[in-house]
Every structure is written in structure tokens, then in C-alpha cells.
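Inspection log for the structure reproduced underneath, given as C-alpha cells.
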Amino acid sequence: MREIQWFPGHMKKTQRRITEELKNIDFTFELLDARIPLSSKNPDLKKLTQGKPSIVLLGKSDLADPEVTRDFVRAFSEDGSFVFSCDCKSGQGLSPIQDAVRRLCAERLEKNAARGIHRPLRAMIVGVPNVGKSALINRLCGKAKTKVENRPGVTRDLSWTRTSLGFDLLDTPGVLWPKFTDRAVGENLAITGAIRDEVLSAEEIAWALFCRFAAFYPEGLKERYGITDPSDYDAAITAVARRRGMLLSGGVPDEERAAKALIDDFRNGRIGNFTLERL
């Protein structure tokens, strides 16, 4: 991946605000993207949240490979953590949350009761951009409380929302980390939309996506686009363009438009349920 400038100033401000709000927080929800559970896990988060108790949610599980998701849930749960896969838009997989919160914060609830404190617990939702934090809040609150869009950077400030589950939620803007030490991590974040599309070209993102399909799901592209060799990018993107009727004058494939269509199809689950990395 070419060197890119992608860490905007508002993310540094958000990191500072998160640290400032920790004194008001009882626990956190760490929301990951089930299609890239490792790449969407912020390595700076433990330091940023100063070890607050956490529930880990693998969101967008409706778009991921269910068998691989189960593998990640098992692996992330080995240390006793509360880990669930879920679809924040439909609410599937969220039913265990209330009980998990009570168990996670049992000591805090006992201390509050002993002191005569009856306020709701307070939780902070953290995750990379475009991971579905707003959809999670809307589902837990039972109504549309925040704007939900399939692009990063929609939430730009911190805001509190009350739920009916015994805790309040603090939404935070998506936060990345200043430097990717692994090229694949940056590519995965770009493929899923955690990094603004303007940072990398559609062709760069599409090429990285083809590499994942060639490694894990070669049949997926064949079924939708008739691609026989996803490792041959030029032939594959031409096949996408012809299958979708994206041609320039003279019948020349519009490769940029085809690349954008492929990315959009993946992000919206039109190709199938796929996970881009393994343990």
C-alpha cells in the first residue's frame, strides 16, 4: 500500500474526549466488524479506555461468513470476555446483552446499591469508523436516535442516549490509530469503508478485495460475475464491467466504475457472506 495521509484531526480530538469521559463510564462496548475482526480491533483501545470492563460485539455478522465468525467469537472469549456476534440493524444476536451487562458490572451495581445510588449504568461505545455504532444505539434504544449511513465520519461528536435496558450509552466518533504496521490491515479497513474512499482509489481497493477472494472464496466471484480466475485482476475487473454493462465507447470496459460497483456489492452483501481474514 502506498503511503497515505488518513488520520484526520477530529480523531485525535475524539481520543482526548474519550479519555476525559472515562470517569463517567462503568463499561464499554467494543464494536468490531465481523468481516474483519482483527483489522477493526483498535490496538490503542485498551490504553485509551484504561482497562474499563468491556463487552465485545462482532457487528455486521449478517454480511460475514458465519463459520469464521463463530471461530472468532470462540477465540476472543477464551480469556473469559463477553463476546457476541450480532446484526445491529435487525437486532439479531443482541438479546444476551442485558444479562451480560449485569454480570459484567455486578460489583459496581452492588456498590451503588449499598450507597443508595440508583442511577443507570453508563457505557461508552467505541469502534472504527463505519462499524455500525449508530445502528447499535438505535436498536438498543428501540427507536432511531442517531443518523445511520454507510460511510465513515457521520458521527463527529460525543452524545449520551438513554436505553430501557438499565444503562445509558455514550456514542463516540469512529477512531482509527495513527499508523498501520500491517499493510493488510489498512487494505481491509479500506475495503469495508472504515477509511474514506477518497484516501485510496477504487482500483486499489478492488485489487485488494480480489486478493481476498482469490485466497478464501474464489467461487464467490465466479457465481456472481462469471470470473474464472480472481487472481488475474485485469481479466476479472473486465468480467465485472461486461457483466454489469459498464462499457465506454467502442465497448471498452469502464474499469473504475466496475471497481466501485464491486466494492459496493461486497459492502452491501450482494456477493454473499464473506470474511476477509482468519485467525
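The values are calculated or read from the model by the stated rules, or taken from the named source; none is laboratory data. Please read these numbers as outputs of a predicted model, since none were measured by experiment. Don't worry about glycine lacking a Cβ; one is built from the backbone with ideal geometry, like all the others, and counts go over all protein chains shown.
Restricting region 226-249 to residues that are touching a Phe, Trp or Tyr at 6+ places or on another chain (Cβ under 8 Å) and exposed (fewer than 15 other Cβ atoms within 10 Å of the Cβ), which is modelled with the highest pLDDT? So, considering only residues that are touching a Phe, Trp or Tyr at 6+ places or on another chain (Cβ under 8 Å) and exposed (fewer than 15 other Cβ atoms within 10 Å of the Cβ), the one modelled with the highest pLDDT is Arg243.
This table checks each residue for (1) on the phi > 0 side of the Ramachandran plot; (2) modelled with pLDDT of 90 or more.
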position: Gly193; (1), (2): yes, yes
position: Leu200; (1), (2): no, no
position: Pro218; (1), (2): no, no
position: Arg224; (1), (2): no, no
position: Glu256; (1), (2): no, yes
position: Asp264; (1), (2): no, yes
position: Arg267; (1), (2): no, yes
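When region 48-74 is filtered for residues that are free of Cβ contacts under 8 Å to residues at least 60 places away in the same chain, out of contact with any Asp or Glu (no Cβ under 8 Å at 6 or more places or on another chain) and not β-branched (Val, Ile, Thr), the ones remaining, listed by number, are Gln50, Gly51, Glu67, Arg70, Arg74.
Does any residue of region 95-117 turn out to be hydrophobic (A, V, I, L, M, F, W, C), free of Cβ contacts under 8 Å to residues at least 12 places away in the same chain and not in a helix (DSSP H, G or I)? Within region 95-117 (the criterion being hydrophobic (A, V, I, L, M, F, W, C), free of Cβ contacts under 8 Å to residues at least 12 places away in the same chain and not in a helix (DSSP H, G or I)), the answer is yes, since at least one residue qualifies.
Find the residue count for region 48-74, including only residues that are more than 15 Å from the chain's Cα centre (by Cα) and farther than 24 Å from Met124 by Cβ. The number of residues fulfilling the criteria is 6. A Cβ distance below 6 Å, combined with a sequence gap of six or more or placement on separate chains, defines the contacts here; from region 229-246, residues that are touching a residue at least 12 places away in the same chain (Cβ under 8 Å) and within 17 Å of Asp264 (Cβ to Cβ) reach residues that are among the hydroxyl-bearing types (Ser, Thr, Tyr) and buried (at least 16 other Cβ atoms within 10 Å of the Cβ) in the pairs Ala239/Tyr225; Val240/Tyr225; Arg243/Tyr225.
Restricting the first member to region 161-183 and to residues that are surrounded by fewer than 18 Cβ atoms within 10 Å (Cβ to Cβ), and the second to residues that are small (Gly, Ala, Ser) and at pLDDT below 85, the beta-carbon pairs closer than 7 Å and six or more apart or on different chains are Ser164/Gly142. In the set Ala215, Ala261, only one residue is touching a Lys or Arg at 6+ places or on another chain (Cβ under 6 Å) and among the aliphatic types (A, V, I, L, M); that residue is Ala261. Tallying residues that are at positive phi and at pLDDT 95 or above within region 59-80 yields 1. Residues of region 12-61 that are of a type outside the set (A, V, I, L, M), in contact with a Ser or Thr (Cβ under 7 Å, 6 or more places away or on another chain) and surrounded by fewer than 18 Cβ atoms within 10 Å (Cβ to Cβ): Lys52 alone. Within region 75-94, the set of residues being loosely packed, with under 13 Cβ neighbours inside 10 Å and either in contact (Cβ under 8 Å) with a residue 24 or more places away in the chain or part of a helix (DSSP H, G or I) (or both) comprises just one member, Ser90.
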